[in-house]
1. Among the residues of region A:108-151 satisfying the criterion of being of a type in the set (A, V, I, L, M) and out of contact with any helix residue (DSSP H, G or I) (no Cβ under 6 Å at 6 or more places or on another chain), which is farthest from A:Asn174 (Cα to Cα)?
2. In region A:8-34, what count of residues is obtained for those that are in contact (Cβ under 8 Å) with a residue 60 or more places away in the chain and assigned to a helix (DSSP H, G or I)?
3. Of the residues in region B:143-158, how many are of a type in the set (D, E, K, R) and either within 16 Å of B:Asp197 (Cβ to Cβ) or touching a helix residue (DSSP H, G or I) at 6+ places or on another chain (Cβ under 7 Å) (or both)?
4. Test each condition in (1) at pLDDT 95 or above; (2) in a helix (DSSP H, G or I) for B:Thr167 and report the one that comes out false.
5. Among the residues of region A:120-147, write down those that are touching a residue at least 24 places away in the same chain (Cβ under 8 Å) and either facing chain B (nearest Cβ under 10 Å) or basic (Lys, Arg) (or both).
6. Being among the aliphatic types (A, V, I, L, M), within 11 Å of chain A (Cβ to nearest Cβ) and part of a helix (DSSP H, G or I), is that true of even one residue in region B:183-199?
7. Being within 14 Å of the chain's Cα centre (by Cα) and either among the aromatic types (Phe, Trp, Tyr) or assigned to a helix (DSSP H, G or I) (or both) is the filter here, so list the residues in region A:128-158 that pass it.
Amino acid sequence: MAFTLPPLPYAYDALAPYMSKETLEFHHDKHHNAYVVAGNTLAGDGTKYAGKSIEDICKEAFAGKDQPVVNQIGQHYNHIHFWNWMKPNGGGKKLPGKLESLVTAYGGYDKLRTDFVQAGVTQFGSGWCWLVIDKDGKLATAKTPNGENPLMHGQKPILGCDVWEHSYYIDYRNLRPKYLEAFFDNLVNWEHVEKMMG
Amino acid sequence: MRKPSRRKVVAGGVGLLGNLLPPNVIAQVAAPAGPLKLAPLGYAFNALQPHIDAETMEIHYSRHHAAYVNNLNAALYDFPRVAAMPLEQMLARIAELPDGLKATVRNNGGGHANHTMFWQVMGTTGAQPSGDIAAAIKRDFGGLDKLRAEFDAAGTRLFGSGWVFVTVTAEGKLAITSRPNQDTPLMDGQRVLFGNDVWEHAYYVTYQNRRADYLKAWWNAIDWVKVSGRYAAAKSGALAI
């Protein structure tokens, strides 16, 4: 089955001023679409990945050092969830119950916010920062380069933020920390985070 | 003397200093105490328009490049023997550096070397390759058009942030190569004739997702007089960064 570009789950201007309409137009319609198009060529019908779930393709491509598929299908997976990890009037400290106990065990909301932002700031070059459930079932922060994601490293991603410059350069220029703070404080859709916990 | 409190802030994260300060403050601290300096750009921020816009040039030089210089100087403060090394040697010998310095030198030292070269090879003369460099381009690529096509293809293929380079040997042989992030052929002991930055910050304000258009337009900003000078320096063993 061919990969398709899912529609943005809200209006293009719904996340302003934290993420502008212009950013979402380029990011969704151009960048994400390019990953879908390239992904179909590399891992769509007629390839050895045909019929497999996107999660399995991510893991198999990474284990097999198939870098082009890691790049394009990794980014397709990352962006599918990125749109859903945000919502208008999102963010803040009011967490779904299932998540709350994990965050408490982690050391609290403030520590989680600080560590998440720091993971994003210190991801050198293009990539992502994450909240993951690690192999022991605990909450942890992580960062990955380019199109990689935690699935490829045996972790379960429950929140990710894109720190490729295309995600924030129109709105924040070089100020990546400001973008990450705005994402965490004003955009995060904690319900989708809870859903990703399974 | 550098104050410890400042060092802590600078070491806090890649680009963090640049991110915390407004532009007028950045200009004042662009060359803090430390072995590495941010050299003057050599032309106005708007000199390369319309190919590279003035805002991009200003942020790229005053924020991104300055942050690499500041981060590296801050890290080198505790390592005076490393700080005394020329940058190109520091980069060629990362494997021998203290573990605590390796990533900082790779990212920020690489960033400093790459950007220093980048500003140097651009300008406004509008000259085309001539003499030795034109002959070398013809010999090694079959002409400028073929060099450009191969170079731009390498830049388009590079996934994520990084650079495309033309390297030059002491014999004057040219080759195209690319590197991720702020890595540079200097880390392999090679010499760089010129290179183009394909981090999105180099082109997003004007070109957004159209990296290929930026790569094509960039040839209007390259200064072949300067590149010729670097070519001669490479052959005489004088080219460093």
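1. Restricting to residues being of a type in the set (A, V, I, L, M) and out of contact with any helix residue (DSSP H, G or I) (no Cβ under 6 Å at 6 or more places or on another chain), the top hit is A:Ile133.
2. 5
3. 3
4. (2)
5. A:Gly120, A:Val121, A:Gln123, A:Ser126, A:Gly127, A:Lys138, A:Lys143, A:Asn146, A:Gly147
6. For region B:183-199, residues among the aliphatic types (A, V, I, L, M), within 11 Å of chain A (Cβ to nearest Cβ) and part of a helix (DSSP H, G or I): absent.
7. A:Trp128, A:Trp130, A:Pro150, A:Leu151, A:Met152
This table checks each residue for (1) out of contact with any strand residue (DSSP E or B) (no Cβ under 9 Å at 6 or more places or on another chain); (2) away from every other protein chain (no Cβ under 14 Å); (3) free of Cβ contacts under 8 Å to residues at least 24 places away in the same chain; (4) outside any helix (DSSP H, G or I).
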position	(1), (2), (3), (4)
B:Ala47	no, yes, no, yes
B:Ile52	no, yes, no, yes
B:Glu58	yes, no, no, no
B:Val82	yes, yes, yes, no
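The values are calculated or read from the model by the stated rules, or taken from the named source; none is laboratory data. Since this is a predicted model, take the numbers as computed values, not measurements. Don't worry about glycine lacking a Cβ; one is built from the backbone with ideal geometry, like all the others, and counts go over all protein chains shown.
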